[in-house]
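This report concerns only the one structure given below.
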Amino acid sequence: MYRSFFYPMRLALLSSGENFMPMAWWTPVSKSPFRFLLAVDRKNHTLSLLRELSEAALSFLPWEERAWVVRAGYLTGRKGRKAERLGVALRPARRLAHTLVPEKALAVFELKVTEWPMDGDHALFLGDVVHVEGSPEARLRPILFLGFRDYATLGERWRFSPSGGGGP
């Protein structure tokens, strides 16, 4: 029985080719080699692009860009270019042949992807990171997905200190 008690999750924008979609179901799974695991709904247009191009980029945008990032999930790339419809400026990825990423991204992870056969309503893809770029600002005001249509950003910071003062 599906229960979403694991939220919040950091919202990324997954780009493949000229299409993009918001994505919260992603996670790093290896540091060496650096890899991400992505879960893409089998009904999504991006799924066919991932299979065709074998490349994608995970971009992280600031909280201030949340409206169009979330709106992108309600538009299909099958009926035209989302970037034009949303007024989003794109640029070519640095190491991918076909993928464009948002110019306002604070961090971008470019991936070569392969599908990982699995049952379920989402297709799994393993992505080898081939290029990373970003700004320290990418961690300050992330778009956090709380489930359904709810979002938040960070409001308080805390740093653990192993030498004391950081625990209950």
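Apolar share of the accessible surface for the chain: 54 percent from carbon plus sulfur atoms, 1.4 Å probe. Spin-label model, TYR74/PHE5: points 7 Å from Cα along the beta carbon direction are separated by 3.1 nm.
Counting chymotrypsin sites (Phe, Trp or Tyr not before Pro) as exposed when in a DSSP loop with at most 12 other beta carbons within 10 Å, what is the longest stretch of the chain free of them?
7-147
Couplings 3J(HN,Hα) for the range 85-92, derived from phi with the Karplus relation 6.51 cos²θ - 1.76 cosθ + 1.60 (θ = phi - 60°), are 5, 9, x, 9, 7, 10, 9, x Hz, where x marks Gly and Pro.
In order along the range 153-159, the Karplus-derived 3J(HN,Hα) couplings, from 6.51 cos²θ - 1.76 cosθ + 1.60 at θ = phi - 60°, round to 9, 6, x, 8, 10, 8, 10 Hz, and Gly and Pro are given as x.
Just subtract the alpha-carbon distance of ARG51 and ASP119 from 0.36 nm times their residue separation and send over the number in nm, one decimal. List each step's numbers first, then the result.
Values: separation 68, 0.36 × 68 = 24.48 nm, distance 1.64 nm.
Extending this stretch completely gives an extra 22.8 nm.
Put a plus charge on the Cβ of each Lys and Arg, a minus charge on the Cβ of each Asp and Glu, and nothing anywhere else: the dipole of the range 25-168 about its Cα centre is then about 260 debye.
Helical runs assigned H by DSSP (4 residues or longer) give the chain a calculated mean residue ellipticity at 222 nm of -3000 deg cm²/dmol, each run adding -39500 (n - 2.57) before division by the residue total. Amide H contacts for ASN44 (H built 1.01 Å from N in the peptide plane; partners 5 or more residues away or on another chain; cut-off under 5 Å): none found.
Within the chain, what's the longest stretch lacking GluC sites (Glu not before Pro) that sit in DSSP loops with no more than 15 other Cβ atoms inside 10 Å?
That would be 19-102.
Maximal additional length on extending the SER161-SER30 stretch stands at 44.6 nm, based on 0.36 nm per residue less the C-alpha distance. Would you please classify the overall shape of the range 123-165 from the alpha carbon gyration tensor, given that a ≥ b ≥ c denote the square roots of the eigenvalues, rounded means a/c under 1.5, and beyond that prolate means a/b larger than b/c while oblate covers the rest? Verdict is oblate for the range 123-165.
Using a 1.4 angstrom probe with every protein chain in place, what is the largest-first accessible-area order of ARG71, ARG141, ARG35?
Descending order: ARG71, ARG141, ARG35.
Accessible surface area normalised per residue over the chain is 60 Å², counting heavy atoms of protein chains with a 1.4 Å rolling probe. Count Lys and Arg as plus one, Asp and Glu as minus one, and take only other residues whose Cβ is under 13 Å from that of LEU37; the net charge is then -1. Under the rule a/c < 1.5 gives rounded, and otherwise a/b versus b/c splits prolate from oblate, where does the range 73-160 land using the Cα gyration tensor? Verdict is rounded for the range 73-160.
The values are calculated or read from the model by the stated rules, or taken from the named source; none is laboratory data. Everything quoted here is computed from the prediction, not taken from an experiment. Cβ coordinates were reconstructed from backbone atoms using ideal geometry, including for glycine residues, and neighbour counts include every protein chain displayed. All accessible areas refer to the heavy atoms of the entire protein, side chains included, with ligands and DNA or RNA removed. Shrake-Rupley method; radii C 1.70, N 1.55, O 1.52, S 1.80 Å.
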